[in-house]
Amino acid sequence: MEVLAAGLHPRVRSQADGSHYTTTGELPLVPGIDGVVRDPKGRIRYTVLDDTRLGTMAERTVIDLDRSVVLPSGIDPVQVAAAMNPAMSSWVALRRRIDLRRGQGVLVLGATGNAGRIQVAKRFGAGRVVAAGRDTGRLAGLHALGADATCTFDELARAADVDVVIDYVWGEPTARAMVDLLSARTDRSAPLTWIEVGSVAGPEAAVPSAALRSARLQLVGSGIGSVPGRDFVKELPRLASAVADGAFDVRARAVPLAEVEQAWTATAGLADRIVFVP
């Protein structure tokens, strides 16, 4: 396949530096776990390549057709490459790890990340979505994307009575947030499902035993392994269609693949998702 666009996602970085839990350490490695490609018949496809050393940060790659989906003609490859991976994380968590009921409240920890974390929850019927993060400036902009309320990590008591937490943070902030939320809940016997999706603040969180004994808390993870690969594939057509229809706010910046070295080391923390193009 001819590669048209490949996103530089956090997962790509951790795959390359060996810190992701699925990394085998085998070399050589062409980074890139997904991308937009053109097949020999001229069709544009989105594809997932998270279990191969032949990634998408190349002019050409090899894909499994069963793990790809044909995109509409005229689609912007850069936008798709930027949006699919980050939107997929919350999409799969809410579709495949829990049964989100219409009208339930959702808190997103680390909501200021790229593409769709608020909008996915709204799309699946969440009644109230609270966005939590550290950057107050970026939090303020999430109201326009559907957030019903925003808060910093010091204000989480205001979001205590939600039904679901989608956690992109983990580490020490999550350990504190869990105590703060459970302590402030009006009814501790009301079910709270905590979905661990990312770990930008650290791979370990010291969860107090009292948090599990004093409240009706369920901890689940969502990622490769806890969700079978076939389930990810089943979600690709609907997710790709939503991205193509402009359902998610996407902040993307195209960078020539020849500049991968500079972009790789200089983009950490920027709002735009870097997408490499030929």
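The values are calculated or read from the model by the stated rules, or taken from the named source; none is laboratory data. Predicted, not measured: the structure shown is a model, and the values here were computed from it. When we count neighbours, we look across all protein chains shown, and the Cβ atoms used for this are built from the backbone with ideal geometry, even at glycine. When the accessible area is computed, the model is the full protein with side chains, heavy atoms only, and any ligands, DNA or RNA have been set aside. Shrake-Rupley method; radii C 1.70, N 1.55, O 1.52, S 1.80 Å.
Counting protein heavy atoms only, the stretch 49-88 has 49 percent of its accessible area on carbon and sulfur, 1.4 angstrom probe.
Between the stretch 6-31 and the stretch 132-153, what's the alpha-carbon centroid distance in Å? So the separation of the two Cα centres works out to 30 Å.
Of interest is the spacing of the C-alpha centroids, which for the stretch 62-129 and the stretch 207-254 amounts to 7 Å. A 1.4 Å probe run over the protein chains yields, for the chain, 46 Å² of accessible area per residue, whole-number rounding. Compared with the direct C-alpha span, the chain from Val260 to Ala140 gains 40.0 nm at full extension, assuming 0.36 nm per residue.
The antiparallel fraction among DSSP beta bridges confined to the stretch 116-246 stands at about 0%.
For the stretch 113-175, with all protein chains present and a 1.4 Å probe, just round the carbon and sulfur fraction of the accessible area to a whole percent. On the stretch 113-175, the fraction of accessible area on carbon and sulfur atoms equals 47 percent. Apply 1/(1 + (r/R0)^6) to the Cβ-Cβ distance of Ser14 and Phe124, taking R0 = 22 Å, and write down the FRET efficiency to the nearest 0.05. Here the calculated transfer efficiency is 0.20. Placing unit charges on the Cβ atoms only, positive for Lys and Arg and negative for Asp and Glu, gives the chain a dipole magnitude near 740 debye about its Cα centre.
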